[in-house]
Amino acid sequence: MGLFSSKKKTKVGTTVARVIDDDGIPNALQTGMAKSIFRDEDLYGHVMNELANSAGLRTERLFKRAKDHYPYGLPVGKVVSPSQGSALVQAVLDGLEGAPVTLEYSRYGPPNNYHIAWTKLIAEHGYNPLTNRLSVLEVQTGRPTYLDFFQLVISPADYAAMDASAKEQWGVASNSGYAPQRRMSYDDMGQLRINPDVIYNAQVTEPYVLVQYVADNTTYGTGNLYPDEAGRYTTGTFTIDVNELDDGDDYFHAKYKIGGVIKYWMYRKGAGTYPTLDGIDNAPNGVPRSYFPFLYFRFDKVSAASTEGTNEYAETEKLLKYLRMDYAEMIDTIHENPDIGDVEQAMMVFAVSPTSSHPVDCRYLFDYFNGQYALQGADTISVAASIVNRLLKKDQSLEQYATVIQDNRFKMTLSNQGVYKRFVQGSIGKVGLHTSAFVAGTSSHFFRKQVSASTYEEIEVRGLRMTYHIWNQYTTTGDDNDDILLIPLDHAITETYSIPDREAMYLRSLHFVFNSRVTIKVKWYQTGVFKAILTIAAIALTIYTYGATWQSMAAALAAGTITFTAVMFAFAMELLTAMVYAVIIKEVVSAIGGELALIIAVVVALYAGYKAFEAGSLAGSPWATELLQLSNSLASGVGDFLEDEFSDLAIQAEEFGLYVEEKSELLDQANDLLKGNVAMSPIVVFGENPNDFYNRTVHAGNIGTLGISAIQHYVDVALRLPELSDSLGE
């Protein structure tokens with residue numbers, strides 16, 4: 001890619017919505033009882049008939065059909081851990097080195113940014129993990145140069161969308177090695193960063209690692225003399241590209257030691273070099289569980305209507321018929337969305353929210369994570385002790401277990417930082433009651449079951465999250481109480497429930513999942529490289545102009561050649577000039593446009609660097625200094641200009657949001673007025689077969705004759721009190 005070429009930036013998102021609201025969920029048991037009462041017929045026969053045709057058993061038939069015939073297969077959940085295949089990795093490394101190695105960590109998953117940074121520090125910058133020195137930079141600086149620390153620079157949106165294991169810090173921290181001077185990392189408010197491994201920058205289009213180093217100038221100069229204390233240490237930065245491995249595959253990462261030398265190693269699964277690693281099957285700690293099928297309406301940005309006539313279309317259509325849904329009609333309705341072109345996948349899944357308070361959902365959640373507790377080794381250690389143990393192992397990641405739920409097309413990963421189980425003295429209700437709760441402070445979901453009059457069982461799940469693998473390495477993640485955090489239904493659990501419970505659960509669990517993908521083109525001057533150029537120009541300007549000016553003033557003041565008042569006046573004039581200059585620049589940017597102004601700023605910065613190089617230093621080239629000041633001011637003006645533009649857009653968006661909210665309330669009010677209680681309607685009876693409907697409605701008589709005779713009987717009819725048959729029929 002050339003210096004002035006453009007690149008593409010991809011954004012992804014996920015939206016979920018329930019297919020059937022609570023008001024629309026029938027109850028086969030109640031319907032059967034109502035029919036027997038109103039028709040004065042056998043209760044048992046009506047109830048059994050309704051249960052036999054209920055959504056619960058029809059969904060069971062859907063599952064069986066999908067298991068035997070669905071081309072995309074049933075999603076199979078497998079419990080894995082990040083250390084998957086570590087024994088095989090050890091064997092491969094032993095073979096590569098020709099001797100046993102000491103494995104510090106082995107992690108399996110998407111490319112990890114920090115592991116890549118360590119690998120490139122060694123390969124490209126001559127980093128020595130034992131001395132913490134950068135040999136390649138020492139050739140340039142001519143003095144001992146040490147790694148200070150490094151940080152991942154990324155936009156908040158990209159960080160949220162990134163797979164969890166891609167942003168974990170394994171092994172030692174980047175600032176753990178020796179450095180003669182350590183600069184702590186502070187945020188914009190001057191507070192020490194809670195997470196010094198990450199810098200959030202909304203303007204960054206491609207994540208990168210920013211490395212800070214410190215050079216020791218103690219022995220630099222004549223003999224063993226060194227400059228004054230202020231110049232004893234020199235700091236600098238450089239960047240590392242971590243976006244080369246972007247094909248969405250999983251990798252084996254390893255850090256190991258051989259002969260006292262620390263090394264980093266990566267291997268892409270499926271590359272063909274190591275068959276033992278390519279053939280790893282992610283075998284779970286137990287029997288794989290089968291989940292209900294993913295039903296697709298759109299995939300790879302292509303409508304399922306284009307597959308009509310294929311076996312895939314026919315089988316999906318049959319499965320939806322069990323739910324009394326028309327496949328073609330649902331496809332057409334979904335694709336009426338004007339933004340459907342951005343939707344990568346549109347699908348329907350069987351899943352429940354972990355924050356649901358519905359009794360049958362709470363029961364399933366308790367049973368599901370009780371099973372996860374067993375699969376993850378039934379760890380009865382306390383939460384605090386578990387965290388301490390992992391930190392003592394120098395593993396800062398709490399991402400301990402993941403369940404990969406995947407069919408032949410799509411993959412979701414349900415992960416957690418630990419499942420803990422305990423018995424608690426107390427009561428949450430009657431024996432057998434299930435409840436759920438979420439505590440935001442610890443990101444913990446609690447699922448409880450009253451097992452006796454005075455004791456309930458509690459399962460705590462820490463750091464629960466669902467990741468949707470949308471396209472290549474791009475993912476979205478739902479955690480805490482996000483709407484997109486869903487727990488898919490495991491048929492091995494639900495098949496043990498009663499038919500009425502299954503009916504409620506299956507219909508409540510139906511969710512549409514829409515995954516969107518938008519690719520935008522990023523202009524060359526919006527990339528991190530050119531932002532770094534402008535930043536470096538600004539720093540250089542500060543050091544070599546205002547810094548030098550202030551130092552010379554201080555020296556003159558100490559010598560008594562100027563007064564303190566004169567110094568303050570000069571400084572005030574510098575500040576006033578800069579303020580006026582900034583206002584003028586802002587007006588210029590507004591006149592010529594932000595894009596052209598930024599291009600000019602970049603060109604000026606490059607030319608200034610060339611002039612400084614010709615002069616031997618920036619301080620020796622006043623013209624270069626002025627150019628850098630102009631470039632820096634233009635860049636700042638562009639920032640102010642864009643900030644104003646975005647501010648206006650934000651105000652417009654807020655006003656539009658208020659408008660939408662107002663109109664939505666009106667629509668809700670109109671919708672409420674249109675709603676009727678169809679359960680008592682003489683026209684609609686849930687579960688009624690066509691023959692019964694015909695016999696009940698065809699004998700109503702001639703509507704024309706009835707209309708004429710109604711006139712003479714108006715008084716009698718108006719004065720007669722209504723009877724039950726008037727509302728419900730015979």
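The values are calculated or read from the model by the stated rules, or taken from the named source; none is laboratory data. This structure is a prediction, so every number in the text was calculated from the model and none was measured. Backbone-built Cβ (ideal geometry, glycine too); neighbour counts: all protein chains shown. Just the protein is used for accessible areas: all its heavy atoms, side chains included, with ligands, DNA and RNA removed. Shrake-Rupley method; radii C 1.70, N 1.55, O 1.52, S 1.80 Å.
Scanning the stretch 386-423 for residues that are at pLDDT 85 or above, open to solvent by 40 Å² or more (accessible area, probe 1.4 Å) and in a loop (DSSP other than H, G, I, E, B) gives N408, R409.
For the stretch 212-250, a residue qualifies if it is of a type in the set (A, V, I, L, M), at pLDDT below 85 and over 21 Å from Y108 (Cα atoms), and the qualifying residues are L225, A230.
Of all residues in the stretch 119-166, those satisfying the criterion of being assigned to a loop (DSSP other than H, G, I, E, B), out of contact with any Gly (no Cβ under 6 Å at 6 or more places or on another chain) and either open to solvent by less than 40 Å² (accessible area, probe 1.4 Å) or not small (G, A, S) (or both) are G126, P129, L130, T131, R143, P144, S155, M162, D163.
Of the strands (runs of 3 or more DSSP E) contained entirely in the stretch 251-368, those carrying at least 3 residues that are farther than 21 Å from K67 by Cα and modelled with pLDDT under 95 fall at 251-258, 261-268.
Is at least one residue of the stretch 424-439 within 19 Å of the chain's Cα centre (by Cα), at pLDDT 95 or above, assigned to a strand (DSSP E or B) and within 13 Å of Y368 (Cα to Cα)?
Initial filter on the stretch 424-439 (within 19 Å of the chain's Cα centre (by Cα)): none.
Checked against the condition, which is being within 19 Å of the chain's Cα centre (by Cα), at pLDDT 95 or above, assigned to a strand (DSSP E or B) and within 13 Å of Y368 (Cα to Cα), the stretch 424-439 yields no hits at all.
With the requirement that a residue be more than 21 Å from T31 (Cα to Cα), open to solvent by less than 10 Å² (accessible area, probe 1.4 Å) and touching a Gly at 6+ places or on another chain (Cβ under 9 Å), what does the stretch 495-521 give you? Result: N515, single match.
Can you tell me which of L103, L96 is closer than 18 Å to K257 by Cα, of a type outside the set (G, A, S), touching a helix residue (DSSP H, G or I) at 6+ places or on another chain (Cβ under 9 Å) and surrounded by fewer than 20 Cβ atoms within 10 Å (Cβ to Cβ)?
On the way: L96 fails: touching a helix residue (DSSP H, G or I) at 6+ places or on another chain (Cβ under 9 Å).
Just a single option satisfies the conditions, and that option is L103.
Between A492, A453, the distinction of being more than 30 Å from R58 (Cβ to Cβ), among the hydrophobic types (A, V, I, L, M, F, W, C) and open to solvent by 10 Å² or more (accessible area, probe 1.4 Å) belongs to A453 only.
Restricting A87, A91 to those that are within 33 Å of the chain's Cα centre (by Cα) and open to solvent by 40 Å² or more (accessible area, probe 1.4 Å) reduces the list to A87. Among the numbered conditions (1) open to solvent by less than 70 Å² (accessible area, probe 1.4 Å); (2) on the phi < 0 side of the Ramachandran plot, the only one that G260 does not meet is (2).
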